[in-house]
Amino acid sequence: MASGSPRYSSRKQPSAVVGVLVVLFLLAEPVAVLAVERYQAPPIQEYRLWYRNFDSPAILALLNLALAKTSEYGDFEVTRSVEMGQGRVLRELAQSRSDLVDIANVASSSQRESQLLAVPIPIDGGLLGFRVCVVQPHALPLFEGVSSIDDLRQRNIRIGQGLHWPDTDILEVNGVPVVTHTRYEILFRMLRNDRFDCFARGVSEVMYDLQIENDPELVIEPTLLLAYPMPSYFFTAPDDYLTAHRVQLGMERAIVDGSFGDFLRQYYGKPIEELALHRRNVIVLRNPFLSDESRTIGRQTLSNLRRRLEVLSQ
């Protein structure tokens with residue numbers, strides 16, 4: 001090697017290169033991390049639906065339909081809430097920011113509408129206020145010839161209902177004997193034990209109820225239809241405007257494009273036909289517990305009862 005020439009070790013050159021690369025990597029690392037941090041995939045919005053509604057194919061299908069009609073709000077997932085009674089779910093919603101539930105479908109009342117946010121579109125076209133009796137076969141003679149509220153009173157026909165259901169107050173204010181319990185599931189057990197004579201169920205839910213119970217000793221009384229204005233709405237927490245607006249907008253779009261009508265026929269057309277509602281004795285009860293808006297909706301539902309049944313059974 002020539003004198004005065006700089007001396008380089010061939011073994012040190014890779015170390016120098018590695019050092020430079022390490023420095024560049026260290027300098028670049030924060031930029032790369034920032035780039036990753038800046039990009040975040042849009043979150044999937046979870047909506048926790050009350051377990052009783054989640055287990056109902058019709059209600060779950062309608063909520064999914066409404067949410068799917070509002071894609072500008074982002075992707076969504078509907079999940080099942082923990083199991084709790086109707087009174088508990090309403091308290092959870094009223095507290096706001098509950099970790100247990102976001103949406104519940106229940107019958108409306110002025111009190112509920114004052115405490116929660118209602119989506120004022122009846123989820124079943126107003127059918128929840130039309131009730132038939134689930135009974136045991138040996139109780140059928142008790143209902144023969146019944147055609148009025150007075151007949152119900154005179155025969156002391158006891159009707160089973162949930163403690164926190166608006167139906168209970170409606171029946172009591174009309175002078176009909178009521179037996180209650182906090183849990184829906186227990187009411188079927190009470191009926192089997194003759195604690196009451198009729199478990200009054202909405203025509204939009206009774207067929208599904210009996211399918212789940214799968215008990216040949218429970219039958220639907222064939223002659224009566226209790227009717228009162230009682231729309232059933234989706235409810236959210238009082239400050240959850242975003243969820244309530246999304247559900248309402250989705251349902252309104254479904255009404256306009258016809259998919260809500262398709263939903264009603266798909267899930268309620270066959271039960272209405274099988275229950276032969278148009279041939280039943282209709283006993284109309286008053287409901288003084290509605291807001292002005294819901295009272296108007298409920299009256300329209302009652303006045304159009306025959307036409308609604310004809311359309312849905314087509």
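Descriptive notes on the structure:
- For the stretch 77-105, a residue qualifies if it is under 16 Å from Tyr47 (Cβ atoms) and among the hydrophobic types (A, V, I, L, M, F, W, C), and the qualifying residues are Val78, Val82, Val89, Leu93, Leu100, Val101, Ile103, Ala104.
- Selection within the stretch 88-109 - assigned to a loop (DSSP other than H, G, I, E, B) and among the polar types (S, T, N, Q): Ser96, Ser98, Ser108, Ser109
- Arg112 being crowded, with 19+ Cβ neighbours inside 10 Å, among the basic types (Lys, Arg) and not in a strand (DSSP E or B): yes
- The residues listed here are His245, His278; of these, the one that is under 19 Å from the mean Cα position of the chain (by Cα), assigned to a helix (DSSP H, G or I), surrounded by fewer than 20 Cβ atoms within 10 Å (Cβ to Cβ) and free of Cβ contacts under 8 Å to residues at least 60 places away in the same chain is His245.
- Only one entry of Tyr233, Tyr241, Tyr268 meets the criterion of being farther than 22 Å from Pro166 by Cβ and among the aromatic types (Phe, Trp, Tyr), and that entry is Tyr241.
- Top-ranked residue in the stretch 102-159 [being in contact with a helix residue (DSSP H, G or I) (Cβ under 8 Å, 6 or more places away or on another chain) and at positive phi; ranked as modelled with the highest pLDDT]: Gly145
Here's the yes/no breakdown for (1) over 17 Å from the mean Cα position of the chain (by Cα); (2) of a type in the set (Asp, Glu):
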site	(1), (2)
Met190	yes, no
Asn193	yes, no
Arg201	no, no
Pro216	yes, no
Phe234	no, no
Leu249	no, no
Asp257	yes, yes
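- Selection from the stretch 48-68 of residues that are touching a helix residue (DSSP H, G or I) at 6+ places or on another chain (Cβ under 7 Å) and not in a helix (DSSP H, G or I): Leu49, Trp50, Ser56
- The residue of the stretch 248-258 that is nearest to Glu72 (Cα to Cα), among those that are out of contact with any Phe, Trp or Tyr (no Cβ under 7 Å at 6 or more places or on another chain) and surrounded by 19 or more Cβ atoms within 10 Å (Cβ to Cβ), is Gly250.
- The lone exception for Ala139 - which of (1) surrounded by fewer than 23 Cβ atoms within 10 Å (Cβ to Cβ); (2) touching a Leu at 6+ places or on another chain (Cβ under 8 Å); (3) outside any loop (DSSP other than H, G, I, E, B) it fails: (2)
- The number of residues in the stretch 65-95 being surrounded by fewer than 16 Cβ atoms within 10 Å (Cβ to Cβ), in contact with a strand residue (DSSP E or B) (Cβ under 9 Å, 6 or more places away or on another chain) and within 14 Å of Leu116 (Cα to Cα) comes to 1.
The values are calculated or read from the model by the stated rules, or taken from the named source; none is laboratory data. Note that this is a predicted model, so its numbers are computed, not measured. Here Cβ is always computed from backbone atoms with ideal geometry, including for glycine, and neighbour counts include all displayed protein chains.
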